[in-house]
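Worksheet: one structure, shown below.
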Amino acid sequence: MKPKVENIGKMVAEKYVVDLNKPLVYQVGHLGEAYDDWVHQPIVSKEGPRFFESNILEFFTRTVWWVIPLVWVPVASWFISSSVQMGLDCPQVASSVVIGIFVWTFAEYMLHRFLFHVKTKSYWGNTLHYLLHGCHHKHPMDGLRLVFPPAAAAILATPIWNLVKLICTPSNAPAIFGGILLGYVMYDCTHYYLHHGQPKTNMPKNLKKYHLNHHYQLWNYGFGITSPLWDFVFGTVPPPSKAGTKCK
């Protein structure tokens with residue numbers, strides 16, 4: 001049974017009622033198997049829902065887009081400068097940063113496809129997924145919950161840094177990781193622009209159309225944000241007959 005919207009601002013899934021006028025985080029877990037269907041029926045409104053009753057917790061769920069470059073560009077620069085201090089020359093540093101950015105495009109795709117779109121049905125599975133990515137699909141125009149809060153990004157970045165250290169030389173690893181961080185900054189800023197920007201030229205227009213199609217028509221296709229490269233590689237480009245979301 002699919003959820004339906006009622007005039008009183010509630011959504012019904014099976015026998016559980018989600019009240020959109022009350023904090024959502026503690027409600028979505030009760031949807032069980034109906035959660036996946038519910039969360040992929042977007043509500044198009046720039047006004048986001050309330051997550052928590054606590055004002056303190058609620059504050060930490062909201063992040064303005066410019067915090068991302070403000071926090072992470074200096075961190076990326078520090079890592080890159082560490083490689084310089086270890087003796088890498090400019091061409092070596094530049095190539096390592098480019099490699100890092102390229103690696104990020106792959107990580108972006110894999111995280112989006114296999115972590116952000118993991119299917120859940122348990123109470124805590126649904127709750128954690130909603131906090132991680134489900135809220136963005138339910139309220140895709142909520143501008144304060146579109147980019148990753150720095151604390152959450154740091155949690156995801158830690159194992160990536162450990163992996164880079166494991167497989168790269170000590171002098172190359174910081175520059176490569178700095179490139180990954182710069183790739184992440186480009187990703188989050190691009191993602192925000194695709195939702196709230198008004199592109200004038202063909203390339204960003206097409207990228208916006210591609211991403212909105214992921215939200216409003218085929219959420220199980222089109223996982224690339226900064227580029228559709230890995231969608232082509234892994235066969236998740238939306239079928240042409242169904243990729244018809246208009247760029248607004």
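Looking only at residues of the range 231-248 that are open to solvent by 40 Å² or more (accessible area, probe 1.4 Å) and at pLDDT 95 or above, we find that the one that is nearest to Tyr210 (Cα to Cα) is Val237. Taken over the range 122-157, residues that are surrounded by fewer than 21 Cβ atoms within 10 Å (Cβ to Cβ), of a type in the set (A, V, I, L, M) and more than 22 Å from Gln27 (Cα to Cα) amount to 6.
Residues in the range 205-218 that are open to solvent by less than 60 Å² (accessible area, probe 1.4 Å) and out of contact with any Leu (no Cβ under 8 Å at 6 or more places or on another chain) were compared, and the one that is nearest to His136 (Cα to Cα) is His215. In the range 203-221, is there at least one residue being in contact (Cβ under 8 Å) with a residue 60 or more places away in the chain and more than 30 Å from Glu33 (Cα to Cα)? There is no residue in the range 203-221 that is in contact (Cβ under 8 Å) with a residue 60 or more places away in the chain and more than 30 Å from Glu33 (Cα to Cα). Only one entry of Val118, Val103, Val64 meets the criterion of being in contact (Cβ under 8 Å) with a residue 40 or more places away in the chain and in contact with a helix residue (DSSP H, G or I) (Cβ under 9 Å, 6 or more places away or on another chain), and that entry is Val103. The single condition among (1) aliphatic (A, V, I, L, M); (2) farther than 21 Å from Val73 by Cβ; (3) not in a helix (DSSP H, G or I) that Ile225 does not meet is (2).
The values are calculated or read from the model by the stated rules, or taken from the named source; none is laboratory data. None of the values given here were measured: they were computed from a predicted structure. Note: ideal-geometry Cβ built from the backbone for every residue, glycine included; neighbour counts use all protein chains shown. Note: accessible area is taken over every heavy atom of the protein model, side chains too, but ligands, DNA and RNA are not part of it. Shrake-Rupley method; radii C 1.70, N 1.55, O 1.52, S 1.80 Å.
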